[in-house]
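Participant: There's a structure below that I have some questions on.
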Amino acid sequence: MMATKKTLTTSAGTPMPSNENSLTAGKRGPVLMQDYQLIEKLAHQNRERIPERTVHAKGTGAFGKFTVTQDITKYTCADVFSKIGKETKVLTRFSTVAGEKGAADAERDVRGFSVKFYTQQGNWDVAGNNTPVFFVRDAYKFPDFIHTQKRHPRTNLRSAEAMWDFWSQHPESLHQVTTLMSDRGIPVGPQYMNGYGSHTYSFWNKNGERFWVKFHFKTMQGHRFYTNAQAAEVIGKTRESFHESLFYAIEKGEFPKWKLMVQIMPEKDAEKTAYNPFDLTKVWPHADYPLHEVGILELNENPSNYFQYIENAAYSPSNVVPGIGFSPDKMLQARIFSYADAHRYRLGTHYEMLPANKSVVEVNNYHKDGSMRFFENFNENPDAYYEPNTKGGPVADPSVQEPPLKISGDADRYGNDQAYDDFKQPGDLYRILEEDEKKRLHQTIGGALQGVSEHIVKLQLQHFYKADENYGKGVEEAYTMIKKNSEATSEKPMDFTKENPNL
Ligand code: NDP
């Protein structure tokens, strides 16, 4: 049976007489300005786009649930972990980092891995990546790093020269560069990769004890990736392979799952580890801090509207709940500010009241007015719009104050702290790779370095050698071989910062 058709209306709800024929003076026009319905329609089209994210613009995602399988209440009093079997609704988003909104999915890039837990204590966001580490450890370097991943100001092309120039001067990037250039650099779909909170966060329990914590989402589908050659073929067929992989799996009822695991470090241990446990370019070795299972994340619902729920989804490390806290990680501290700030710019002042971001529990505060104030007073009490008041307005709850954190040291800029060993962990990663993975890693880096200035290549090769002699040797050989072959076939590698030498 045909559903009864609804009447087409303007945004103000008035019925429209036509959605096809302009109101014109005479059969051949011109169009009358009083055809407001037409003006409204065109004006809406002009406003269909919001600023794309400066990073992580291209994304996919889905709704699902998180179920607690193990008791970790001795570490945290967060309600989301309060009981085995407890289920919490989640919204996830997975993305590439550098490519714009229309970029091809199967490009070698870090993947964003964000989970919004709609908990009974408000939203908890894990806004992480598919890698446990990052390229830089200080937020001062973040905008510069991102500029190297984006387009050159003159050519408007991506620049391998800029990327390697930056990386070669930042040995701390080597760990993430190795991960990115390894097989895991081009995952087939979100369900075939791990996710990591990446930063160190904290847990605190009902006795006021603090633990440092790292979050790991381990894929239960196994790792699947494309080689460079496979990815080139995939991109020739579809730009949306990553999105399609997740979307159709869920449509078919093949609901992807991850095991949420945590590494726990007692608060005092942070003073003892050989590495800085708050350095985003380092992992905590599993031998020192083993993984504990916490629960299962399952995705089971494609959103009914992509824009509404995935484009509008706003993740921020600032969204923690009582029982989960921050750490001194310098990058985390900066992201606490910058992610929420990016959403205010991208989506508007009240972005957290949009359906994707709205908490499942009541929101009460004294924020007032502003753009997009499309909802009513929070506290159903219009007289209580300031604090303190005697009008029954919302009040703070001191019981959710996290335990005090002892901080000491002189205020200074500690960038040149030579205590960091930036080469050991990338070397550890290299050494756990299988022989064929190592070969692909050498080839991928050797290829990616083509066309880059010799002095930069030399500097970067030193980093690989310092991580592991065989790593340096393997990359150098692959680089030299690819260069020789391309010279022999007169296919000159492109220097994207200058004119295209092939033209
Ligand atoms: P372990 O051998 O205990 O752990 C190795 C880890 O590396 C596992 O989590 C594994 O994840 C992951 N891994 C395996 N193959 C690859 C690959 N090809 N690319 C990226 N990651 C891979 O060693 P350590 O804990 O001492 O860590 C050694 C190195 O492993 C580190 O320097 C780091 O680069 C990397 N690593 C470590 C992690 C950690 O938290 N300790 C997390 C992820 C990577 P999986 O189970 O999914 O295969």
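The values are calculated or read from the model by the stated rules, or taken from the named source; none is laboratory data. Keep in mind that this is a model prediction, so the values were computed, not measured. For neighbour counting, all protein chains shown are included, and Cβ atoms are generated from backbone atoms with ideal geometry for every residue, glycine included. Remember, those area values only see protein heavy atoms, side chains included, never the ligands or the DNA or RNA. Shrake-Rupley method; radii C 1.70, N 1.55, O 1.52, S 1.80 Å.
Participant: If you scan segment 217-266, which residues turn out to be farther than 15 Å from Phe94 by Cα and among the acidic types (Asp, Glu)?
Facilitator: Glu233, Glu251, Glu254
Participant: While we're looking at this one, here's another question. Name every residue in segment 239-295 that is aromatic (Phe, Trp, Tyr) and either open to solvent by 50 Å² or more (accessible area, probe 1.4 Å) or more than 14 Å from the ligand (Cβ to nearest atom) (or both), in order of residue number.
Facilitator: Within segment 239-295, Phe242, Phe247, Tyr248, Phe255, Phe278 meet the criteria.
Participant: For segment 368-386, how many residues are at pLDDT 85 or above and surrounded by 12 or more Cβ atoms within 10 Å (Cβ to Cβ)?
Facilitator: 3
Participant: Based on this model, can you work out whether Val320 counts as touching a residue at least 24 places away in the same chain (Cβ under 8 Å) and under 23 Å from Thr119 (Cβ atoms)?
Facilitator: The answer is yes for Val320.
Participant: Which residues, counting only those in segment 107-123, are under 19 Å from Lys83 (Cβ atoms) and in contact with a helix residue (DSSP H, G or I) (Cβ under 6 Å, 6 or more places away or on another chain)?
Facilitator: Answer for segment 107-123, where residues must be under 19 Å from Lys83 (Cβ atoms) and in contact with a helix residue (DSSP H, G or I) (Cβ under 6 Å, 6 or more places away or on another chain): Phe117, Thr119, Gln120, Gln121.
Participant: State the number of residues belonging to segment 111-135 that are within 16 Å of the ligand (Cβ to nearest atom) and either out of contact with any Leu (no Cβ under 6 Å at 6 or more places or on another chain) or in a helix (DSSP H, G or I) (or both).
Facilitator: 10
Participant: Quick one: which of Ile336, Ile310 is open to solvent by less than 10 Å² (accessible area, probe 1.4 Å) and modelled with pLDDT of 95 or more?
Facilitator: Ile310
Participant: Would you check if Thr69 is out of contact with any helix residue (DSSP H, G or I) (no Cβ under 9 Å at 6 or more places or on another chain), assigned by TED's automatic domain parsing to the domain that holds Gln121 and of a type in the set (S, T, N, Q)?
Facilitator: When the stated conditions are applied, Thr69 passes them.
Participant: Now a separate question. Looking at this structure, is Ala98 open to solvent by less than 10 Å² (accessible area, probe 1.4 Å), in contact with a Lys or Arg (Cβ under 7 Å, 6 or more places away or on another chain), outside any strand (DSSP E or B) and away from the ligand (no atom under 16 Å from the Cβ)?
Facilitator: Against the criterion (open to solvent by less than 10 Å² (accessible area, probe 1.4 Å), in contact with a Lys or Arg (Cβ under 7 Å, 6 or more places away or on another chain), outside any strand (DSSP E or B) and away from the ligand (no atom under 16 Å from the Cβ)), Ala98 qualifies.
Participant: Another question, if that's okay. Tell me, yes or no, whether segment 171-186 has at least one residue that is free of Cβ contacts under 8 Å to residues at least 24 places away in the same chain, over 28 Å from Thr92 (Cα atoms) and either of a type outside the set (Ser, Thr, Tyr) or not in a helix (DSSP H, G or I) (or both).
Facilitator: No, every residue in segment 171-186 fails to be free of Cβ contacts under 8 Å to residues at least 24 places away in the same chain, over 28 Å from Thr92 (Cα atoms) and either of a type outside the set (Ser, Thr, Tyr) or not in a helix (DSSP H, G or I) (or both).
Participant: Right, another one. Out of the residues in segment 296-331 meeting the condition of being under 27 Å from Lys257 (Cβ atoms) and among the charged types (D, E, K, R), tell me which one is farthest from the ligand (Cβ to nearest atom).
Facilitator: Only one residue tops the list, namely Glu311.
Participant: So Thr349 clears everything in (1) more than 19 Å from the chain's Cα centre (by Cα); (2) open to solvent by less than 70 Å² (accessible area, probe 1.4 Å); (3) assigned by TED's automatic domain parsing to the domain that holds Cys77; (4) touching a residue at least 24 places away in the same chain (Cβ under 8 Å) except one condition, right? Which one?
Facilitator: Going through the list (1) more than 19 Å from the chain's Cα centre (by Cα); (2) open to solvent by less than 70 Å² (accessible area, probe 1.4 Å); (3) assigned by TED's automatic domain parsing to the domain that holds Cys77; (4) touching a residue at least 24 places away in the same chain (Cβ under 8 Å), Thr349 breaks only (2).
Participant: Go through segment 161-204 and report how many residues are more than 16 Å from the ligand (Cβ to nearest atom), over 22 Å from Lys466 (Cβ atoms) and either open to solvent by less than 10 Å² (accessible area, probe 1.4 Å) or among the aliphatic types (A, V, I, L, M) (or both).
Facilitator: Count: 3.
Conditions tested, residue by residue: (1) assigned by TED's automatic domain parsing to the domain that holds Ile324; (2) within 16 Å of the ligand (Cβ to nearest atom); (3) open to solvent by 70 Å² or more (accessible area, probe 1.4 Å).
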{"residue": "Gly393", "(1), (2), (3)": "no, no, no"}
{"residue": "Ser399", "(1), (2), (3)": "no, no, yes"}
{"residue": "Pro403", "(1), (2), (3)": "no, no, no"}
{"residue": "Asp410", "(1), (2), (3)": "no, no, yes"}
{"residue": "Gly415", "(1), (2), (3)": "no, no, no"}
{"residue": "Asp422", "(1), (2), (3)": "no, yes, no"}
{"residue": "Gln425", "(1), (2), (3)": "no, yes, no"}
{"residue": "Glu435", "(1), (2), (3)": "no, yes, yes"}
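Participant: Let me ask something additional. Got at least one residue in segment 277-292 being touching a strand residue (DSSP E or B) at 6+ places or on another chain (Cβ under 8 Å), assigned by TED's automatic domain parsing to the domain that holds Asn130 and either closer than 21 Å to Thr119 by Cα or in a strand (DSSP E or B) (or both)?
Facilitator: Yes, segment 277-292 contains at least one residue that is touching a strand residue (DSSP E or B) at 6+ places or on another chain (Cβ under 8 Å), assigned by TED's automatic domain parsing to the domain that holds Asn130 and either closer than 21 Å to Thr119 by Cα or in a strand (DSSP E or B) (or both).
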